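What follows is one structure encoded as structure tokens, with my remarks underneath.
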Amino acid sequence: SSLALSMFGSSNAGSAASSEPTDRCDSKGGRMRWAVNSSTWNPKGGPSSAPFRFLLSLLSDSGERQHVERFHFFADQKRALLSRLMCRRACSAALGIRSFQMLEIRRTAGGKPFLKSPRPPAERPDLANFNFNVSHEGDWVVLASEPLCVCGVDVAAPASHVSGAQPIDLRRDFHEHFSPEEWHQVEKAIVSESGAGDGARMSGPPGYGTFQRFWSAKEAFVKARGDGLSFDLRR
């Protein structure tokens, strides 16, 4: 699996950029890094089980509940539910409130969730730009939040762990999203891995591991911005 975190902006006059998570996790201060392995939660009865129905009821927005239930497979429903609950738990932890009912979470045009209300109070300028992002694939659901910097996160599972994954032609499918230097690195990995056995490289076609690390970083960056893949990823 690969995991990428992107942050930019700061409380100082200048700006900062980082692709590495900080060591300090402070929920009351708005900085969180959470990862949940959804495969370890298997309530008897699946989507009809009491635990699942109770947790689903914590989503006060009927549209959010319907989105979770639209998934055909229970594994997908679990990831969708967990990601939404993690967003609400992060917001309640940062604001110091216990109920999810008063939280209103919306999404940008690019799909990034954000806390519409209540916003951090004026006496908490350290939370002035509290924002968060979630990602899920394979077994994992991850969340990152920041009180001031804009943040985005992406997790990617090996190809063998993605249900319904289609064969990938890296050059054909992603050529326009990579810079020449990035393609150079991917193609070097393709050459070095082409003669290796499956056990010597990450699941997927030769070069997939290198490609996936680049792609997760790009996903995290555009998710931090909140405008989706309309951003030119070769920049």
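The values are calculated or read from the model by the stated rules, or taken from the named source; none is laboratory data. Bear in mind the structure is a predicted one, so any value in this text is a computation, not a measurement. In this analysis, Cβ positions are derived from the backbone assuming ideal geometry, glycine residues included, and neighbour counts consider all displayed protein chains. The area values use the complete protein model at the heavy-atom level, side chains included, leaving out ligands, DNA and RNA. Shrake-Rupley method; radii C 1.70, N 1.55, O 1.52, S 1.80 Å.
Hey, does the stretch 94-110 have a residue that's charged (D, E, K, R) and within 19 Å of the chain's Cα centre (by Cα)?
The answer is yes, given that some residue of the stretch 94-110 is charged (D, E, K, R) and within 19 Å of the chain's Cα centre (by Cα).
Is at least one residue of the stretch 172-189 within 30 Å of Q77 (Cβ to Cβ), in contact with a Gly (Cβ under 7 Å, 6 or more places away or on another chain) and modelled with pLDDT under 95?
Among the residues of the stretch 172-189, not one is within 30 Å of Q77 (Cβ to Cβ), in contact with a Gly (Cβ under 7 Å, 6 or more places away or on another chain) and modelled with pLDDT under 95, which makes the answer no.
From the residues in the stretch 100-119 that are assigned to a loop (DSSP other than H, G, I, E, B) and open to solvent by 60 Å² or more (accessible area, probe 1.4 Å), which one is farthest from S48 (Cα to Cα)?
Within the stretch 100-119, the match that is farthest from S48 (Cα to Cα) is R119.
So which residues in the stretch 62-96 are open to solvent by 20 Å² or more (accessible area, probe 1.4 Å) and hydroxyl-bearing (S, T, Y)?
Answer for the stretch 62-96, where residues must be open to solvent by 20 Å² or more (accessible area, probe 1.4 Å) and hydroxyl-bearing (S, T, Y): just S62.
Give the stretch 51-63 a look and list any residue that's assigned to a helix (DSSP H, G or I) and out of contact with any Leu (no Cβ under 9 Å at 6 or more places or on another chain), or say none.
If the condition is that a residue be assigned to a helix (DSSP H, G or I) and out of contact with any Leu (no Cβ under 9 Å at 6 or more places or on another chain), then P51, R53, F54, S57, S62, G63 are the ones that fit.
Could you go through the stretch 85-99 and let me know if any residue there is modelled with pLDDT of 95 or more, assigned to a strand (DSSP E or B) and more than 25 Å from W140 (Cα to Cα).
no
Sort out which residues of the stretch 33-69 are under 19 Å from S117 (Cα atoms) and either touching a residue at least 60 places away in the same chain (Cβ under 8 Å) or aliphatic (A, V, I, L, M) (or both), and write them in order of number.
L58, L59 - these are the residues of the stretch 33-69 that are under 19 Å from S117 (Cα atoms) and either touching a residue at least 60 places away in the same chain (Cβ under 8 Å) or aliphatic (A, V, I, L, M) (or both).
Hey, does the stretch 124-134 have a residue that's closer than 12 Å to A220 by Cα, modelled with pLDDT of 95 or more and out of contact with any Gly (no Cβ under 9 Å at 6 or more places or on another chain)?
So far as the stretch 124-134 goes, yes, one or more of its residues are closer than 12 Å to A220 by Cα, modelled with pLDDT of 95 or more and out of contact with any Gly (no Cβ under 9 Å at 6 or more places or on another chain).
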